[in-house]
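Read through the structure below, which is laid out as structure tokens, and then see the notes.
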Amino acid sequence: MEYNGRESDHLMLITPERVFYAGLLGRPRKRTPGCCHVYVAVKGNLHLTIDDALATGELFVTLPNQRHSIASDYRTAISVTLEPESMPDGVIEALAKRLTGPDQAVYARKILAAYTLLRQRRYGDITTAEFDEMCFGEALPRRVLDPRVMRAVARIGRFSGEPVTADTCAAEAGLSASRFLHLFKEETGISFRSFRAWKRARHLLHFANQDLNLAHLAQDIGYPDSTHFSHSIRRFYGLKPRAIFVGSRDLAIYRSTETVRLAEAS
């Protein structure tokens, strides 16, 4: 496990398929992330708004690409995120039903206990199965991707050199661009373009507590210009890039060995 940051009750653990975040939510603007979010209140309640309907409670689940806003009674809240391409179709929906059902309070306590564990650093490296066990009490089913799509996913995740294109991935897979795009959507459930846009925005998380030139960062992770960068981040997170960095100054960031390995492969 690589640690990047400082001593803090605010923390983020990043793995290729999961993120555990305990920190500030920022102002409750609409956000449309490409992942599943499990939100848990540290104290008091959370307030979730979807389609102008407001709900209040201690645990909420939002599905990938579901536009929503989230606010908290307390300055720190927990967000556990799951990448949809890592699980077979229907798994996220079934998990959401379990987490928000009669045992909701049990799951909320489980995730709060995971937060306590992470704050005490009583862990070494962590796999996706171990992460799921820690947060949900079980390892969630894994999606098995076609090796050609897996190579494309890995390429997108490196964030180095020239931007990854469908043509490049198709050539590497020995397919036409149209056949590759169809295969990618069929295997992951997500279009190539949407997948790449979300992963680019997700990559920002690795740098959230650093003092960086945001224009340079945008270029480094593949955005054509600062305007595109700002609009994309605001769409996915409901916050401008600068607000994310200001709110993350005391955030301790941990990266799994697999995450570090993928970064170093670039």
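Normalised by 2.2 N^0.38 Å, where N is the number of residues, the C-alpha radius of gyration of region 101-142 stands at 1.20.
Dipole orientation for region 11-136: of the candidates 63, 92, 77, 77 has the Cα lying most toward the positive pole (charges on Cβ; Lys, Arg +1; Asp, Glu -1).
Charging the Cβ of each Asp and Glu at -1 and of each Lys and Arg at +1, and nothing else, the dipole of the chain about its Cα centre rounds to 600 debye. For region 147-237, averaging the sequence separation of C-alpha pairs within contact (under 8 Å, six or more residues apart) and dividing by the residue count gives a relative contact order of 25 percent. For residue 225, the solvent-accessible surface with a 1.4 Å probe is about 70 Å², rounded to the nearest 10. Using the empirical formula 2.2 N^0.38 Å as the baseline, the Cα radius of gyration of region 11-136 reaches a ratio of 0.99. Note on the chain: with neighbouring protein chains present and a 1.4 Å probe, carbon and sulfur make up 50 percent of its accessible heavy-atom surface.
The Rg/Rh ratio of region 173-256, with both radii computed over alpha carbons and Rh defined as the Kirkwood radius, is 1.07.
Of the listed residues 134, 87, 150, the order by accessible area with a 1.4 Å probe, largest first, is 150, 134, 87. What's log10 of I(q)/I(0) for region 173-214 at q = 0.16 Å⁻¹, Debye sum over Cα points only, no solvent? Treating every Cα as an identical point scatterer, log10 I(q)/I(0) equals -0.55.
Take every DSSP beta bridge whose two residues both sit in the chain; close to 90 percent of them are antiparallel. Relative to the longest principal axis of the Cα atoms of the chain, helix 147-156 runs at roughly 70 degrees. Just the number please: accessible area per residue for the chain, 1.4 Å probe, all protein chains included, in Å². Each residue of the chain exposes 48 Å² on average to a 1.4 Å probe.
The alpha carbon convex hull volume per residue for the chain rounds to 123 Å³.
The values are calculated or read from the model by the stated rules, or taken from the named source; none is laboratory data. Nothing here was measured: the structure is a model prediction, and the numbers come from that model. Don't worry about glycine lacking a Cβ; one is built from the backbone with ideal geometry, like all the others, and counts go over all protein chains shown. In case anyone asks, the SASA skips ligands and DNA or RNA and just uses the protein heavy atoms, side chains included. Shrake-Rupley method; radii C 1.70, N 1.55, O 1.52, S 1.80 Å.
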